[in-house]
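The values are calculated or read from the model by the stated rules, or taken from the named source; none is laboratory data. What you see is a predicted model, and the numbers here were worked out from it, not measured in a lab. Please note: Cβ atoms are built from the backbone with ideal geometry, for glycine as well, and neighbour counts cover all protein chains shown.
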Amino acid sequence: MDSVGSDGEGYFPQMEKIPPHNHDGVGGMHVYVPWWKYDRQNDFPRGYHIEMGGGRDMPGVGMFHDLCDEEEGYGVSLKQTCRKMYGCFMGFSGRGEMIANPDSYCDIDPDVVDQWGIPVLRFHFKWSDHELKMAKDMQEHSARSRKRLAVRTLREGARATIPTESRTAVSSSMKSGRHAWERIRRRRCLTDIARRTT
Amino acid sequence: MAAKVLTEGGLNVVLLEAGPPLNPDVDYKEHVWPYELPHRGAGVGGHALWPGNGLESEFLAPTGAWTIEGEPYTVAADSKFRWFRSRIVGGRTNHWGRIALRFAPVDFRSKSRDGLGEDWPISYEDIAPYYDKVEGYIGVFGTKENIPSAPDGIFQPPPKPRCSEVILKRACDKVGIPCIPSRMAILTEALNGRPACHYCGQCGRGCRRASNFSSSQVLIPPAQKTGRLTLITGAMAREVCSEKTVRPRASPTSIRPVARRSASTRELWSWRRAPVSLRVFSSTPGRRFSLTALRIRRARSVAT
């Protein structure tokens, strides 16, 4: 079992005008969209919630690495770009319910053992239409929201390709609210879990 | 949680952990800045910036991985699946995003609503008192909202929204999307000797002050304080032996962990004969087995 997920990211130009300040807070979001759409007619069953995060907080290693790759310039002008864009990125992550299906289970691999001779687990996994439709709804909703907020969409993608047993570590790094560029890089680096489909 | 409850209830418990012990003062680096690291943390020639080259260890709570040497898993030919595992006391509770939400009444009756999956054999009302207990002990912030799909709990006050979140909230309010303070297992007020969060925002890298929840820092210390917990680290549970599977001697159930470093096994035996008080805990990360009233019966080496 996995949870259904889709992540989108936007650049908020209105944040550029806010004076630099400490985005004090916990490691993660302070507000979210609680479980919804479960009580209305959709083309998918159950519901999902939306986690949101981003803004200015403690920079991590490699924070401006991708920004420097993507923006032109050097020296003072590049630094100014970094300062201007820092904290203007927000991410939206839908997280919903997967319906258990008979194609998703694990058993003992008949051939492979680990270094102590203990038999290992073998995983079988398949998304059904329910999950794919829910991920699509998350993407459409997220796109509409960003349009309303007049933000520039950076990337949008569902994690419908490679499911994982747990997202805990990935989520915590994403939600620690680092700069979006770093998050993008970190996703590549840490997990590779979802080669995002556009 | 089980180790805490059982030891405080007077039972002796052995906790097996496949990984090393956790020392937050040494292992957690949540306040280290990039400029405090050699090469700003990027390694010689920036090599640590690239996948799998070590940046993770510096900027995440320790010892979790998508692949663990010597401990593979397999994926069927027509499937894609990745498995994140943690090998350290407290397991993945050291890493998680701290979002601590309750199931709603409707979640226990899903099949009755849409015909898919299964209904739970218990209801929200059955489990609600335990939610109360856990939230009260680990500390969760949030607000009372009376939203049926997100039941309220025992909450500490939430932190104020950041300015970016104020923008989002205003936008949501305008179009009628519910947007409420999140509910996370992070203290905003001191609790049981743990100080309130100091808002460094680095939960994903661990918290030396235990202001966020992890079983390693919040549940295991009180269990240890009872004197009835034996924590064995570096011990991979190899098998659960039962009367049928092992000894000619009519035996109680035992489990056989592998000491990782020495690659030897030893068996932990329950004193009592059947019915055996064996509990297998697999809901939290790592593999934990706890036997009541157990002793280490013997050790022996195996060639593996």
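Tell me, which residue of the stretch B:109-134 that is of a type in the set (Ser, Thr, Tyr) and in contact (Cβ under 8 Å) with a residue 24 or more places away in the chain is farthest from B:Ala2 (Cα to Cα)?
Looking at the filtered set, the residue picked out is B:Tyr124.
For a quick check of your reading of the model, give me the residue pairs whose first member lies in the stretch B:161-176 and is surrounded by 11 or more Cβ atoms within 10 Å (Cβ to Cβ), whose second is assigned to a helix (DSSP H, G or I) and among the hydrophobic types (A, V, I, L, M, F, W, C), with beta-carbon atoms closer than 8 Å and at least 6 apart or on different chains.
Listed by first residue and then by second, the contacts come to B:Cys163/A:Met15; B:Ser164/A:Met15; B:Ile167/A:Met15.
Can you tell me which residue within the stretch A:1-55, out of those that are hydroxyl-bearing (Ser, Thr, Tyr) and buried (at least 24 other Cβ atoms within 10 Å of the Cβ), is farthest from A:His141 (Cα to Cα)?
Going through the stretch A:1-55, the residues hydroxyl-bearing (Ser, Thr, Tyr) turn out to be A:3, A:6, A:11, A:32, A:38, A:48.
From what's left, buried (at least 24 other Cβ atoms within 10 Å of the Cβ): A:6, A:32, A:48.
Details: A:Ser6: 11, A:Tyr32: 14, A:Tyr48: 12 Å.
So, considering only residues that are hydroxyl-bearing (Ser, Thr, Tyr) and buried (at least 24 other Cβ atoms within 10 Å of the Cβ), the one farthest from A:His141 (Cα to Cα) is A:Tyr32.
Name the residue, out of A:Tyr48, A:Tyr32, that is touching an Asp or Glu at 6+ places or on another chain (Cβ under 8 Å), more than 7 Å from every other protein chain (Cβ to nearest Cβ), over 30 Å from B:His39 (Cβ atoms) and among the aromatic types (Phe, Trp, Tyr).
Details: A:Tyr32 fails: more than 7 Å from every other protein chain (Cβ to nearest Cβ).
That would be A:Tyr48, the only listed residue that is touching an Asp or Glu at 6+ places or on another chain (Cβ under 8 Å), more than 7 Å from every other protein chain (Cβ to nearest Cβ), over 30 Å from B:His39 (Cβ atoms) and among the aromatic types (Phe, Trp, Tyr).
For B:Ala250, indicate whether it is surrounded by 19 or more Cβ atoms within 10 Å (Cβ to Cβ) and either modelled with pLDDT of 90 or more or in a loop (DSSP other than H, G, I, E, B) (or both).
Values: surrounded by 19 or more Cβ atoms within 10 Å (Cβ to Cβ): no; either modelled with pLDDT of 90 or more or in a loop (DSSP other than H, G, I, E, B) (or both): yes.
So B:Ala250 fails the test.
Could you list all residues from the stretch A:108-155 that are within 9 Å of chain B (Cβ to nearest Cβ) and in contact (Cβ under 8 Å) with a residue 12 or more places away in the chain?
Once the filter is applied, which keeps residues that are within 9 Å of chain B (Cβ to nearest Cβ) and in contact (Cβ under 8 Å) with a residue 12 or more places away in the chain, the stretch A:108-155 yields A:Asp109, A:Val120, A:Leu121, A:Arg122, A:Phe123, A:His124, A:Phe125, A:Lys126, A:His130, A:His141, A:Ser145, A:Leu149.
Please go through the stretch B:172-197 and give me each residue that is outside any loop (DSSP other than H, G, I, E, B) and more than 10 Å from chain A (Cβ to nearest Cβ), ordered by number.
Quick first cut of the stretch B:172-197, residues outside any loop (DSSP other than H, G, I, E, B) only: B:172-175, B:180-181, B:184, B:186, B:191, B:194.
Those that are outside any loop (DSSP other than H, G, I, E, B) and more than 10 Å from chain A (Cβ to nearest Cβ): B:Asp173, B:Leu191, B:Arg194.
Can you name every residue in the stretch B:126-152 that is more than 12 Å from every other protein chain (Cβ to nearest Cβ), of a type outside the set (Val, Ile, Thr) and farther than 17 Å from B:Gly97 by Cβ? Give the steps one after another, and end with the answer.
The first filter runs over the stretch B:126-152 and keeps only residues more than 12 Å from every other protein chain (Cβ to nearest Cβ), leaving B:126-138, B:144.
If we keep only those that are of a type outside the set (Val, Ile, Thr) as well, we get B:126, B:128-133, B:135-137, B:144.
Of everything in the stretch B:126-152, those that are more than 12 Å from every other protein chain (Cβ to nearest Cβ), of a type outside the set (Val, Ile, Thr) and farther than 17 Å from B:Gly97 by Cβ turn out to be B:Asp126, B:Ala128, B:Pro129, B:Tyr130, B:Tyr131, B:Asp132, B:Lys133, B:Gly136, B:Tyr137, B:Lys144.
Condition first: surrounded by fewer than 24 Cβ atoms within 10 Å (Cβ to Cβ), assigned to a loop (DSSP other than H, G, I, E, B) and facing chain A (nearest Cβ under 7 Å). Now tell me which residues in the stretch B:198-211 satisfy that.
Across the stretch B:198-211, the qualifying residue is only B:Tyr199.
Find the residue count for the stretch B:75-106, including only residues that are assigned to a helix (DSSP H, G or I) and at the interface with chain A (Cβ under 8 Å from one of its Cβ atoms). Walk me through how you get there before you give the answer.
Filtering the stretch B:75-106 for residues assigned to a helix (DSSP H, G or I) gives B:91-94, B:105-106.
Now drop any that are not at the interface with chain A (Cβ under 8 Å from one of its Cβ atoms), which leaves B:92, B:106.
Of the residues in that region, 2 qualify.
Every residue, every condition in (1) part of a loop (DSSP other than H, G, I, E, B); (2) not acidic (Asp, Glu), yes or no:
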position	(1), (2)
A:Asp39	yes, no
A:Asn42	yes, yes
A:Gly53	no, yes
A:Arg83	no, yes
A:Asn101	yes, yes
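Scanning the stretch A:122-162 for residues that are of a type in the set (A, V, I, L, M) and at pLDDT 85 or above, which turns out surrounded by the fewest Cβ atoms within 10 Å (Cβ to Cβ)?
Step one: of the stretch A:122-162, the residues of a type in the set (A, V, I, L, M) are A:132, A:134-135, A:138, A:143, A:149-151, A:154, A:158, A:160, A:162.
If we keep only those that are at pLDDT 85 or above as well, we get A:132, A:134-135, A:138.
Values: A:Leu132: 14, A:Met134: 29, A:Ala135: 23, A:Met138: 26.
Within the stretch A:122-162, the match that is surrounded by the fewest Cβ atoms within 10 Å (Cβ to Cβ) is A:Leu132.
Inspect the stretch B:114-134 for any residue being within 15 Å of the chain's Cα centre (by Cα) and surrounded by 14 or more Cβ atoms within 10 Å (Cβ to Cβ) and give the result as yes or no.
Taking the stretch B:114-134 and keeping what is within 15 Å of the chain's Cα centre (by Cα), we get B:134.
Checking the rest, the ones that are also surrounded by 14 or more Cβ atoms within 10 Å (Cβ to Cβ) come to B:134.
Yes, the stretch B:114-134 has at least one match.
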